[in-house]
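Undergrad: This is the structure I want to talk about, given as structure tokens.
Laboratory data are not the source of any read-out in this text; all were calculated from the coordinates shown. Given the structure is predicted, the values throughout are model-derived calculations rather than measurements. All Cβ positions, glycine included, derive from the backbone under ideal geometry; neighbour counts span all protein chains shown.
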Amino acid sequence: MSIRVIFGYLFLLLSIIFCVLQLISLLVADQVAGLSLVLQFCSTLVCLLLASLAMQRSHRIAMMVIALLAFSVCFLALLSSGILALRGTGNLLAVKYAVFIAYAGLYGLFGLAGSLLAAKPVTGEPPKAP
């Protein structure tokens, strides 16, 4: 396993941790600080982009795990945004809802890219029928 893949996994976990911390802080916060919100989102995005270092077609199981993790974060962000939309009433609800949807879209796209890469054959040949 190369150092690039190890750092990719590390950054994937960091991006998930940053995402969870920001979403939890958004749920409990009454006031939303704009600069802090943008910086946290950007740090998660940068870590997720650096996590793409781990994406290699030759490791299909690892790609499936990455896609599963990304889809799980996407699902939880969508679920949380739905709960927030149902129970919340306030001026800043739209901002919180937009951040949850942005995270869901971000991790959904990352998971889709990972699953598409995992589905492609390593060689240029089409897969053989059983």
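Undergrad: When the chain is modelled as a GNM with alpha-carbon springs shorter than 10 Å, which of Ser36, Ser115, Ser72 fluctuates the most?
TA: Evaluated over the chain, the most mobile residue of the options is Ser36.
Undergrad: So what is the 222 nm mean residue ellipticity for the chain from helices alone, if each DSSP H run of at least 4 adds -39500 (n - 2.57) and you divide by all residues, rounding to the nearest 500 deg cm²/dmol? Don't jump to the answer; show the numbers that get you there.
TA: On the way: 4 runs with 99 residues, N = 130.
Value at 222 nm, helices only: -27000 deg cm²/dmol.
Undergrad: When Rg is the radius of gyration of the Cα atoms in segment 32-91 and Rh is its Kirkwood radius, what does Rg/Rh come to?
TA: My calculation of the ratio gives 1.11.
Undergrad: Most fluctuating residue of Gln56, Gln22, Gln31 in a GNM of the chain with Cα springs under 10 Å: which is it?
TA: Gln31
Undergrad: What is the chain's relative contact order, in percent, from Cα pairs under 8 angstrom and six or more apart in sequence?
TA: Working: 120 pairs, mean separation 39.2, N = 130.
Relative contact order here is 30 percent.
Undergrad: Which of Val32, Val73 comes first, and how do the rest follow, when ranked by fewest Cβ neighbours within 10 Å? Could you put the intermediate results ahead of the total?
TA: Numbers: Val32 15, Val73 24.
Ascending number of Cβ neighbours within 10 Å: Val32, Val73.
Undergrad: What distance in nm separates the two pseudo spin-label positions at Ser52 and Val38, each 7 Å out from Cα along the beta-carbon direction?
TA: 2.3
Undergrad: Could you point to the label whose value was computed as Kirkwood radius over Cα pairs in Å for the structure here, given [x] 16.6; [y] 14.2; [z] 15.8?
TA: Given [x] 16.6; [y] 14.2; [z] 15.8, the calculated one carries the label [z].
Undergrad: Here is a further query. Compare Leu21, Leu35, Leu48 in a GNM of the chain, Cα atoms joined below 10 Å, and give the one with the largest fluctuation.
TA: Greatest mean-square fluctuation among the candidates belongs to Leu35.
Undergrad: Dipole of the chain, Cα-centred, from +1 at each Lys and Arg C-beta and -1 at each Asp and Glu C-beta, to the nearest 20 debye? Show your work: numbers first, answer last.
TA: On the way: 7 positive and 2 negative charges, 64 e Å.
Here the chain has a charge dipole of around 300 debye.
Undergrad: Between Leu86 and Val5, with labels modelled 7 Å along Cα→Cβ, what's the label distance in nm to one decimal, could you check?
TA: Modelled inter-label distance: 4.1 nm.
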